[in-house]
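Single-structure report; data block below.
The values are calculated or read from the model by the stated rules, or taken from the named source; none is laboratory data. The shown structure was predicted, so the numbers you read here are calculated from the model rather than taken from an experiment. Cβ placement follows ideal geometry from the backbone for every residue including glycine, while neighbour counts extend to all protein chains displayed.
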Amino acid sequence: MERLDKILAATGRWSRREVKELVRQGRVTVDGHLAAMPEEKADPAVCRICVDGEPVNWERFVYIMMHKPAGLLSATEDSRQKTVLDLLPTELRKRGLAPVGRLDKDTEGLLLLTDDGDLTHRLLSPKYHVDKVYFARVDGELTAADTAAFAAGLTLGDGLVCRPAGLEILTGDTCLVTLQEGKFHQVKRMLASRGKPVVYLKRLSMGSLHLDENLEKGQYRRLTEEELHALRNGTA
């Protein structure tokens, strides 16, 4: 059971102040009965809540897959630059969605946005061993020695110790990098430490979730029930 104003505000369509006014005007019903006050409680998963006779589509959490383009920050807000949330409609921005792991401004690919803090923690925590796979193009020639160094675990120039990671060479200057952690600029820093600076980077997957290549850069969609179920099971 949750407060009516909290339920309606969580949709992103109204503020709590606006909900209070809707109730005062007699525009909100719960199971066919006029809501008496915004503080009254209801179970949004069971009760039929309507505004102006239209059922309210309530979701406890929202899960968005985005094909992040280069040029946007993976942040919830920034006073000077555009963020990935600027690609979303107002209703979703008001939900309090946040990126699950950050991609650099010039990095493209899979970005999951959600307001489910528990799933976010489990996807990012190294103890759950969730693979993040990136496609990288570098300036230089990748070798078997680079693959071995990644597998052994790199120590970067600033002392950062990186866990063992996967590096699969595709061509002389392209590869797939698989990590179970996500420190600041980690893929770029690891490859740079091998003398192979990154010139292009794209995240392809996170755990069981793979970028939908039907999504153009800047486009997004909600996760399917199957995708969400697989993600949750993969971090159980």
Open item on the list: Need a quick list: strands (runs of 3 or more DSSP E) entirely within the range 1-107 having at least 1 residues that are under 27 Å from Val130 (Cα atoms).
Closed with: 63-68
Task: Residue list for the range 60-80, filter: without any contact (Cβ under 8 Å) to a residue 24 or more places away in the chain and surrounded by 12 or more Cβ atoms within 10 Å (Cβ to Cβ) - done: Thr76, Asp78
- [ ] Hey, could you check the range 128-163 for residues that are in a loop (DSSP other than H, G, I, E, B) and touching a Leu at 6+ places or on another chain (Cβ under 6 Å) and say which is surrounded by the most Cβ atoms within 10 Å (Cβ to Cβ)?
- [x] Val130
- [ ] Output the residues belonging to the range 108-127 that are among the charged types (D, E, K, R) and either assigned to a strand (DSSP E or B) or more than 13 Å from the chain's Cα centre (by Cα) (or both).
- [x] Glu108, Lys127
- [ ] Test Thr83 against the criterion of being modelled with pLDDT of 95 or more, assigned by TED's automatic domain parsing to the domain that holds Leu228 and of a type in the set (Val, Ile, Thr), and give yes or no.
- [x] yes
Open item on the list: So in the range 170-199, with the set limited to residues that are within 15 Å of Thr155 (Cβ to Cβ) and in contact with a helix residue (DSSP H, G or I) (Cβ under 6 Å, 6 or more places away or on another chain), which one is modelled with the lowest pLDDT?
Closed with: Glu181
Task: Among residues of the range 14-45, those that are surrounded by fewer than 16 Cβ atoms within 10 Å (Cβ to Cβ) and under 25 Å from Leu97 (Cβ atoms), counted - done: 6
Open item on the list: Among the residues of the range 105-127, what is the count of those that are in contact (Cβ under 8 Å) with a residue 60 or more places away in the chain and surrounded by fewer than 18 Cβ atoms within 10 Å (Cβ to Cβ)?
Closed with: 1
TODO: Select from the range 78-107 the residues that are more than 15 Å from the chain's Cα centre (by Cα) and β-branched (Val, Ile, Thr) and list them in ascending order.
DONE: Thr90
Open item on the list: If I filter the range 164-202 down to residues being in a loop (DSSP other than H, G, I, E, B) and under 18 Å from the mean Cα position of the chain (by Cα), which single residue comes out as surrounded by the fewest Cβ atoms within 10 Å (Cβ to Cβ)?
Closed with: Phe184
Open item on the list: among the polar types (S, T, N, Q) and over 20 Å from Gly101 (Cβ atoms): which single residue out of Ser125, Ser193, Ser205 fits that description?
Closed with: Ser193
- [ ] Please tell me if Lys94 is under 30 Å from Ser208 (Cβ atoms) and either free of Cβ contacts under 8 Å to residues at least 24 places away in the same chain or surrounded by 15 or more Cβ atoms within 10 Å (Cβ to Cβ) (or both).
- [x] yes
